[in-house]
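First the structure, in the form of structure tokens, and then the observations on it.
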Amino acid sequence: MSSPTPGTILAQRYQIQQVLGKKAGRRTLLAYDLEIDRPVVLKLLRFDSDFEWDHLKLFEREAETLQSLDHAAIPQYLDHFELDTSDCKGFVLVQSYIEARSLEAHVKSGRSFSEAELKQLAGDILEILIYLHRQNPPVIHRDIKPSNILLGDRSGNHVGQVYLVDFGSVQTIAAREGGTMTIVGTYGYMPPEQFGERAVPASDLYSLGATLIYLATGKHPADLPQHNLRIQFESIATHLDHKLIHWLQRLIEPDLSRRFHSASIAFASLKTGRTDIKELPVQLGKPEGSRILLFKNVEAIEIRSSYFSLKDLFANLMIWWLWPVWSIGVFLFFITLWVNWIWLYQLFFILAFVGLVGLITCIGRFLLRTPRFLLRYRQRFKIDSQHIASWHEIWGMPFAYRFADRQHIRKLVYTRRYYETTSDGHVPVHPRIQIWTGVQKFELSEQLSPPEQDWLVQELSEWLDLPIDRE
């Protein structure tokens, strides 16, 4: 039984141009869609001597998966039909054609990839995997390798548009849990668990790591030495930064428990250079209503408390003055319904007394906050490439200035409110954010709400590239 030859027209629509790939019982063909006037890719499953029922199962799963996906870097499902001719019988899957060469073809033509290009490729592929693994159920490609990743032409400083193709080995978690699985993949790019028919989303990360190692070394992963099932590539990839090498080592860990757990975590680690990330933090923005000012760029990060405004002063005054008046007014209304009018003067006395207490309290708070308003006081905290500093300001003039060398920063501590048991009973420990430099500590002492604390400590952690020690 022969495959359709160039020039053959299938389904009165698809004219075969050339053969793109061959596998047992399967062919990948480039064709021209005469109806819509554009090239397409045909995946042909033939019912020949090499046919196995597992091939049909994988073929159907590929068609179902492509129909459910919608991503610019993944081929688009277009059509499928049954082929029944005198020369060939089988099923055909039609998908969009992507005009780009595979990474394997680029390497064989002599192209090499710089460290910056490897990071760009890794980031782009991880974004595709994040999309796949977030499907319900998650979609696991199971055959990520240089020949299944297409790369378009360079665009400016970018390595080129990346595409992930050939979903013929795809698996979903639901399919795995529903019955037996077929071992598929490519030796050298398959993680150990995939040999045991136990592919998980992190399995694709191993294959990505092996692919990047091939691009960095020019050698097939199976041709590199191994120790305890781990690929030994470090002695060849000496041109790579140690952070990237450590990141690749995490990708190709044979032990699933030591590998990155998800594409999202691997992506965050690649961007930050931190390989100790175990879970992805929720990205927190500035809380609604917060008046804390945050300024940051690649050179510095600065946190400023806001000035105490005239609006703050009078808002505070009105709140404390109106509360007793309204409370006593409501109290007076209900009491006069039940008591003799002769007692009314006593109620007015109580009203006057409570109102006076409220007024005194209000004036006291007003007087205590007036100096802060008049002096235009605020606190500032700044870290740049050389120093960490904190100081207070009155009308823009700094005082109580403290600073230290940034290179001495060793940890970031976030303490939430809790209570210590002492001889005096339960003593509250107030929440605080501290940065330790040697034996010194710099503390954000401005009164912050819990959402503001969570936001600022995350911003500091990401900018300093320091983990958060929580107490």
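The values are calculated or read from the model by the stated rules, or taken from the named source; none is laboratory data. For clarity, every value in this text was computed on a predicted model and none was experimentally measured. As a convention, Cβ positions derive from the backbone with ideal geometry for all residues, glycine included, and neighbour counts pool all protein chains shown.
Here segment 387-417 is the region considered, the condition is being surrounded by 16 or more Cβ atoms within 10 Å (Cβ to Cβ) and touching an Asp or Glu at 6+ places or on another chain (Cβ under 6 Å), and the residue that is nearest to ILE303 (Cα to Cα) is VAL413.
Inside segment 452-469, residues that are more than 10 Å from TYR414 (Cα to Cα), more than 19 Å from the chain's Cα centre (by Cα) and loosely packed, with under 15 Cβ neighbours inside 10 Å make up a count of 0. Would you check if PHE91 is part of a loop (DSSP other than H, G, I, E, B), over 22 Å from LEU270 (Cα atoms) and of a type in the set (A, V, I, L, M, F, W, C)? Considered against the rule, which asks whether it is part of a loop (DSSP other than H, G, I, E, B), over 22 Å from LEU270 (Cα atoms) and of a type in the set (A, V, I, L, M, F, W, C), PHE91 comes out as no.
Of all the numbered requirements in (1) in contact with a helix residue (DSSP H, G or I) (Cβ under 9 Å, 6 or more places away or on another chain); (2) at pLDDT 75 or above, ARG304 misses one, and that requirement is (1). Every listed requirement among (1) surrounded by 15 or more Cβ atoms within 10 Å (Cβ to Cβ); (2) aliphatic (A, V, I, L, M); (3) assigned by TED's automatic domain parsing to the domain that holds ASP33; (4) under 28 Å from LEU215 (Cα atoms) is met by VAL107 save one, (3). For segment 32-46, the tally of residues that are without any contact (Cβ under 8 Å) to a residue 40 or more places away in the chain and either exposed (fewer than 15 other Cβ atoms within 10 Å of the Cβ) or among the aliphatic types (A, V, I, L, M) (or both) stands at 4. Taking the conditions exactly as written (touching a residue at least 60 places away in the same chain (Cβ under 8 Å), at negative phi and surrounded by 15 or more Cβ atoms within 10 Å (Cβ to Cβ)), does SER169 satisfy them or not? For SER169, the condition - touching a residue at least 60 places away in the same chain (Cβ under 8 Å), at negative phi and surrounded by 15 or more Cβ atoms within 10 Å (Cβ to Cβ) - is met.
Elements of the type strands (runs of 3 or more DSSP E) sitting completely within segment 361-460 and holding at least 1 residues that are modelled with pLDDT of 70 or more and either of a type outside the set (Phe, Trp, Tyr) or within 23 Å of LEU293 (Cβ to Cβ) (or both): these cover 377-384, 387-394, 397-405, 409-415, 432-437, 440-444.
Listed here are the residues, each with its yes/no results for (1) within 26 Å of the chain's Cα centre (by Cα); (2) surrounded by fewer than 18 Cβ atoms within 10 Å (Cβ to Cβ); (3) at pLDDT 90 or above.
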residue: PHE59; (1), (2), (3): no, no, no
residue: GLU82; (1), (2), (3): no, yes, no
residue: THR85; (1), (2), (3): no, yes, no
residue: VAL94; (1), (2), (3): no, no, yes
residue: ARG101; (1), (2), (3): no, yes, yes
residue: LYS119; (1), (2), (3): yes, no, yes
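Give me a count of the residues in segment 11-27 that are closer than 17 Å to PHE47 by Cβ and at pLDDT 90 or above. Here the count works out to 0. For segment 236-252, name all the residues that are under 24 Å from ILE144 (Cα atoms) and among the polar types (S, T, N, Q). Answer for segment 236-252, where residues must be under 24 Å from ILE144 (Cα atoms) and among the polar types (S, T, N, Q): just GLN249. Exactly one residue among LEU293, LEU310, LEU284, LEU280 is modelled with pLDDT under 80, surrounded by fewer than 17 Cβ atoms within 10 Å (Cβ to Cβ) and more than 20 Å from the chain's Cα centre (by Cα), and that residue is LEU310. The residues in segment 103-155 that are free of Cβ contacts under 8 Å to residues at least 40 places away in the same chain, closer than 23 Å to HIS239 by Cβ and part of a loop (DSSP other than H, G, I, E, B) can be counted, and the count is 5.
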